[in-house]
Amino acid sequence: MGSEFCKRILVTGGAGFIGTHTVLQLLKDGFHVTVVDNLDNSVEEAVDRVRILAGEDLSRNLVFSIGDLRNKSDLEKLFSETRFEAVIHFAGLKAVGESVAKPMRYFDNNLVGTLNLYEIMGKYGCKKMVFSSSATVYGQPEKIPCVEDFDLKAMNPYGRTKLFLEEIARDIQKADPEWKIILLRYFNPVGAHESGQIGEDPKGIPNNLMPYIERVAVGRLPELNVYGHDYPTKDGSAVRDYIHVMDLADGHLAALRKLFTADEIGCVAYNLGTGRGTSVLEMVAAFEKAAGKKIPVKLCDRRHGDATAVYASTEKAQKELNWKAKYGIEEMCRDQWNWASKNPYGYQSKP
Ligand code: NAD
Ligand code: UD1
């Protein structure tokens, strides 16, 4: 689709985990892409690897700019020099525990950064936005699967930034109907590009399940703490909807397609998940199979604030975005192990 029109897309946070995979798919689909990232939670090497995967020709269509959304001047510079047809906005901080300890850091980065972005987009007449929201806006859902019109609730400052930013988007669009805004609520993104050249590379000890399992598998951590073994689930461990990052990347292309082709969009939310629930212990077993090695586990108390079971209703995205996840947990674990075994220290070459 991109090649027909040569559309240039601004991708904020495009050096990060989901951003790199999405930028690669955008380039392959013929889009021209500008990434803006302050490298707070990423490295430029990740963008270099996207260039290699895209190949010489397509990588010419990628511009990388170091910039911080909290600095309006960084955004002014980008928009005054280039005409963007739409923005995919990944840039943000995402560590739940850190957000509880440092709420101001989260409000400043996620809220101020996004407000600046809307202001400058509006000023330059770029009014098409795909925003990274999260299943966190469902809080601890009373019913599953989670449907987009459920009541929303924040459980922590990180979740509050996503909830506020969804509401802010609705207000902005209501005030100026020229805006078209798609809010994508990701469930649990895991896996990596099939090449094993790009993947998730969290700084410090990972909070999320799959990066933690990965570190145990490569020998950097001794065992996995399984938080909760007395949940009312099939095996006592908590259930989530894990989604392959490449499926997620394709969900962004589907959202862009909708922004460019549909008239009446307004501000609309879609779940990006598989619709299938997998328990922590099932995920461990699938990873053990993919890696061909045992992951030592320790059964621990529940983690504060965790829900028993969360998974998505996928009907709306399927019907209105014509998008459906293709991969199952076997492929997620296969590709994540491929990345981990080739890059045991992430993008760093040495410990
Ligand atoms: P990530 O940390 O790998 O990527 C985010 C990128 O944004 C990083 O490269 C970081 O350096 C950049 N960034 C942060 N603040 C910035 C700023 N002020 N200016 C410029 N760049 C900035 O995270 P990710 O996993 O790729 O997540 C992308 C988005 O998706 C985030 O908004 C996150 O909240 C959301 N999300 C992620 C998950 C998940 O599990 N990974 C789940 C739901 C929602
Ligand atoms: C968490 C966040 C959510 C955020 C998402 C980003 C909380 C309460 N929720 O979701 O807001 O959007 O990350 O990806 O932090 N687990 C273990 N051992 C571990 C790590 C995790 O057993 O070392 C378990 C957890 O208890 C949970 C499951 O694995 O049951 C998935 O955890 P995680 O990957 O952190 O994702 P969420 O909790 O779904």
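The values are calculated or read from the model by the stated rules, or taken from the named source; none is laboratory data. Note that this is a predicted model, so its numbers are computed, not measured. Don't worry about glycine lacking a Cβ; one is built from the backbone with ideal geometry, like all the others, and counts go over all protein chains shown. Quick note on the areas: whole protein, heavy atoms, side chains included, nothing else; ligands and nucleic acids left out. Shrake-Rupley method; radii C 1.70, N 1.55, O 1.52, S 1.80 Å.
Exactly one of (1) open to solvent by 40 Å² or more (accessible area, probe 1.4 Å); (2) within 16 Å of ligand 1 (Cβ to nearest atom) is unmet by residue 293. Its number? So residue 293 meets the others, but not (2). Put simply, of 159, 191, 204, 199 the only residue that is modelled with pLDDT under 95 and within 16 Å of ligand 1 (Cβ to nearest atom) is 204.
Report yes if some residue within the stretch 229-244 is within 12 Å of ligand 2 (Cβ to nearest atom), in contact with a Gly (Cβ under 9 Å, 6 or more places away or on another chain) and under 25 Å from residue 87 (Cβ atoms); otherwise report no. Checked against the condition, which is being within 12 Å of ligand 2 (Cβ to nearest atom), in contact with a Gly (Cβ under 9 Å, 6 or more places away or on another chain) and under 25 Å from residue 87 (Cβ atoms), the stretch 229-244 yields at least one hit.
Just to be sure before I move on: is residue 250 closer than 30 Å to residue 128 by Cβ and in contact with a Ser or Thr (Cβ under 8 Å, 6 or more places away or on another chain) in the structure I sent? So residue 250 fails the test. Return the residues of the stretch 121-149 that are of a type in the set (A, V, I, L, M) and surrounded by 22 or more Cβ atoms within 10 Å (Cβ to Cβ); say none if nothing qualifies. Across the stretch 121-149, the qualifying residues are 121, 129, 130, 135, 137. Within the stretch 35-51, the set of residues being under 25 Å from residue 108 (Cα atoms) and in a helix (DSSP H, G or I) comprises 44 only.
Only one of the numbered conditions (1) more than 16 Å from ligand 1 (Cβ to nearest atom); (2) among the hydrophobic types (A, V, I, L, M, F, W, C); (3) under 30 Å from residue 84 (Cβ atoms) is not met by residue 287, and that is (3). Scanning the stretch 90-141 for residues that are closer than 17 Å to residue 184 by Cβ and free of Cβ contacts under 8 Å to residues at least 12 places away in the same chain gives no hits.
Annotation: of all residues in the stretch 6-34 being touching a strand residue (DSSP E or B) at 6+ places or on another chain (Cβ under 8 Å) and in a helix (DSSP H, G or I), the one that is farthest from ligand 2 (Cβ to nearest atom) is 27. Hey, any hits in the stretch 248-259 for a residue that's touching a Gly at 6+ places or on another chain (Cβ under 7 Å) and either more than 10 Å from ligand 2 (Cβ to nearest atom) or among the hydrophobic types (A, V, I, L, M, F, W, C) (or both)? No, there is no match, as no residue in the stretch 248-259 is touching a Gly at 6+ places or on another chain (Cβ under 7 Å) and either more than 10 Å from ligand 2 (Cβ to nearest atom) or among the hydrophobic types (A, V, I, L, M, F, W, C) (or both).
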